[in-house]
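Structure first, then comments.
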Amino acid sequence: MPESSRLATDIAAILRRERHVQRLTQRQLADRAGVSQSAVARIERGERVPAIPLVERLFAALGRQLAVTVEQLDSHLDAEMDALAGRSPADRLDELGLDRLLDRLGELPHLLTGSTAALLQGAPVPVDAVEIAVRWRDSARFTAWLTVAYGQRWNARWGEFGGLYLEPEEPGEHHWMTRYGEIRAQMCDEFPEAIEVRHGERSYRVVPLVAVELTDPRAAALLRRHRQRAVDGRTPDIGPTARTGR
């Protein structure tokens, strides 16, 4: 078994979600299951597939049990994209809380990038956080905003938000939870060429899809899958209304 796999990642995500739903800390879940807090943390980091008896024990402590099935490779992504393709961009943007977060960013210079930029340009890709590009020279302003927004940084070691310095210069993923929602940052020396897209009464400055695919492996993989599905006739191709500009 490889050191990490989608199965390990899925188990980690489901365990975190169920624990958060029940408002339990890792320590509280560990006490319920009669295991160590470090064991819970290891599983939630998703670094490797854990022992099945341990996983069953943790889910039982949450009143849950695992169900095992098989499916076509990565078919979960196809199913998710099919579901997203049937939803309006306005609904998805509202669910993401994009406008509220952008309004709170105020004068902080930024561009929308990653899967958020792809969504705004018509791609039905999953988006779980607002993704922005921020220049390194604006790092101090970004840190000040995160402080005001009660930001907590993603701690990959513990599989939770918190316990790390907010500053982007400090080690750790550029991923924070704030009072306005989750935000990921792609730190850069200079902004790439931007385009402007419009939804409803609002315009958004975004990184073009070509640049997204070159700079964001996570979003690039989803976009390649989306385009292949369009070639195969399984989903409509991307067709944003956009104009170029700085």
Is one or more of the residues making up the stretch 96-103 modelled with pLDDT under 95, part of a helix (DSSP H, G or I), buried (at least 19 other Cβ atoms within 10 Å of the Cβ) and not hydrophobic (A, V, I, L, M, F, W, C)?
-> no
Do we have any residue at all in the stretch 143-154 that's part of a loop (DSSP other than H, G, I, E, B), hydrophobic (A, V, I, L, M, F, W, C) and surrounded by fewer than 18 Cβ atoms within 10 Å (Cβ to Cβ)?
-> no
What pairs come up if the first residue lies in the stretch 187-198 and is assigned by TED's automatic domain parsing to the domain that holds Leu166 and closer than 15 Å to Glu131 by Cα, the second is loosely packed, with under 15 Cβ neighbours inside 10 Å and of a type in the set (Lys, Arg), and their beta carbons are under 7 Å apart, counting only those six or more places apart or on different chains?
-> Ala194/Arg246
Can you spot a residue in the stretch 208-217 that is assigned by TED's automatic domain parsing to the domain that holds Leu108, hydrophobic (A, V, I, L, M, F, W, C) and modelled with pLDDT of 90 or more?
-> no
Among the residues listed as Val134, Val130, the single one being in contact with a Ser or Thr (Cβ under 7 Å, 6 or more places away or on another chain), crowded, with 16+ Cβ neighbours inside 10 Å and outside the structural domain of Glu44 (by TED's automatic domain parsing) = Val130
Do we have Arg205 as in a strand (DSSP E or B), in contact (Cβ under 8 Å) with a residue 12 or more places away in the chain, more than 16 Å from the chain's Cα centre (by Cα) and surrounded by fewer than 16 Cβ atoms within 10 Å (Cβ to Cβ) here?
-> no
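The values are calculated or read from the model by the stated rules, or taken from the named source; none is laboratory data. Predicted, not measured: the structure shown is a model, and the values here were computed from it. FYI the Cβ positions are ideal-geometry reconstructions off the backbone, even for glycines, and counts take in every protein chain you see.
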